[in-house]
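Take a look at the structure below.
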Amino acid sequence: MSNILQDLYNAELSYADCSHKAFIVEVGPELAQKLLALNFDQNRKLSQPYVERMSSDMKNGEWGLSNDAIVISDCLQVGNAQHRLNAVIRSNTAQTFIVLFGSPKEAFQKFDTGKKRTMEQRITISGIEISMKECCIIRHAMNDYENPSVGTVQYGYPRHDSLVAETYKKHKHFLKIVGASKPAGSAFIYAAALKLYAEMIHYNKVLRPYSHDPHTRAQLFIDLCLHGYSTVDLPSGQTEIAALKLKNTIARKKEDLKGQYWSQKYDWRVTMTAAYKFMLGEKVVNLVPYKTDPFHNFLKMPSTNPPTNLEYFELYDI
């Protein structure tokens, strides 16, 4: 053991060997401000309460050197530590940090130091801007109907980031035109509307008892589930009853179970059942969940973005 330090010195790599360089640096407010100026645009939103907590620790002398390095990319962008650097400025103290220079920017999305990154933050860092709500919607749409978990659990790990990102890219046009990034409304409803929309475009072109194009039908489903009426004054009749029954079912659960969210797997299956029956225009009496997914496999679904869905645009003269 007495020779371990010498062994480490002997094994040390130069910048020429590994294209990285590590420093131990005292960072005061002025240097922290310069580093923050290198913060990249897609970094996550700053959490002021988190900054305040760290700032208080720094002022009280309770902050010390940790293994969480400040990482600067080979193109001079800071990929993490914005909360720590803001806390240095707020506390008006100098703190000691490890600084690692030379990492490629692509590595930023894999860093989970400090305040842990969420999936939508990691995907956004990779260059594909996605909101938290959109990320939830896509994962619910991807969810296996028979799987006991909901989509955000089934696809909740960093190894799923690229699959979620690629699936989002295939359907982002729909999410934008229906305002899916808004916080209001269950992600289940938007995910079911997306599956309804994709199904109508690519697979289900049978004669229906209504004249709505896929976008109008999907938007009407969202409106009826959230508000109980169309935001563009479309009439509702027996062919729209499935969405209204779903809205009432959600409200009843919230009342009976003292505000419990519409977020369980059974809730998802009921939502999917309502969306499929709404797509068909069925006159629904009770929303009994299907035993298997009535929709085609969403992960294998072609893109719904224009102009890849040309048949849809030709069919509805859009």
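I'm checking my understanding of the structure. Among residues of segment 72-82 that are open to solvent by less than 10 Å² (accessible area, probe 1.4 Å) and part of a strand (DSSP E or B), which one is nearest to LEU46 (Cα to Cα)? The residue in question is VAL78.
The residues in segment 43-71 that are touching a Phe, Trp or Tyr at 6+ places or on another chain (Cβ under 9 Å) and either surrounded by fewer than 17 Cβ atoms within 10 Å (Cβ to Cβ) or without any contact (Cβ under 8 Å) to a residue 12 or more places away in the chain (or both) can be counted, and the count is 4. Of all the residues that make up segment 155-196, how many are in a helix (DSSP H, G or I) and either in contact with a Ser or Thr (Cβ under 6 Å, 6 or more places away or on another chain) or aliphatic (A, V, I, L, M) (or both)? Residues flagged as in a helix (DSSP H, G or I) and either in contact with a Ser or Thr (Cβ under 6 Å, 6 or more places away or on another chain) or aliphatic (A, V, I, L, M) (or both) within segment 155-196 amount to 16.
Residues in segment 1-26 that are in contact (Cβ under 8 Å) with a residue 40 or more places away in the chain and among the β-branched types (Val, Ile, Thr): ILE24, VAL25.
The set of residues in segment 209-226 being open to solvent by 40 Å² or more (accessible area, probe 1.4 Å) and over 15 Å from ALA193 (Cα atoms) consists of PRO209, SER211. Close Cβ contacts (under 7 Å, 6 or more residues apart or on different chains) running from residues in segment 272-295 that are among the acidic types (Asp, Glu) to residues that are buried (at least 20 other Cβ atoms within 10 Å of the Cβ) comprise GLU282/ALA242; ASP293/MET272.
Checked against (1) closer than 19 Å to SER263 by Cα; (2) in contact with a helix residue (DSSP H, G or I) (Cβ under 9 Å, 6 or more places away or on another chain); (3) open to solvent by 10 Å² or more (accessible area, probe 1.4 Å); (4) not aliphatic (A, V, I, L, M), SER126 passes all but condition (1).
The values are calculated or read from the model by the stated rules, or taken from the named source; none is laboratory data. Because the structure is predicted, anything quoted here is derived from the model rather than measured. Cβ atoms come from the backbone with ideal geometry, glycine included; neighbour counts cover every protein chain shown. The area values use the complete protein model at the heavy-atom level, side chains included, leaving out ligands, DNA and RNA. Shrake-Rupley method; radii C 1.70, N 1.55, O 1.52, S 1.80 Å.
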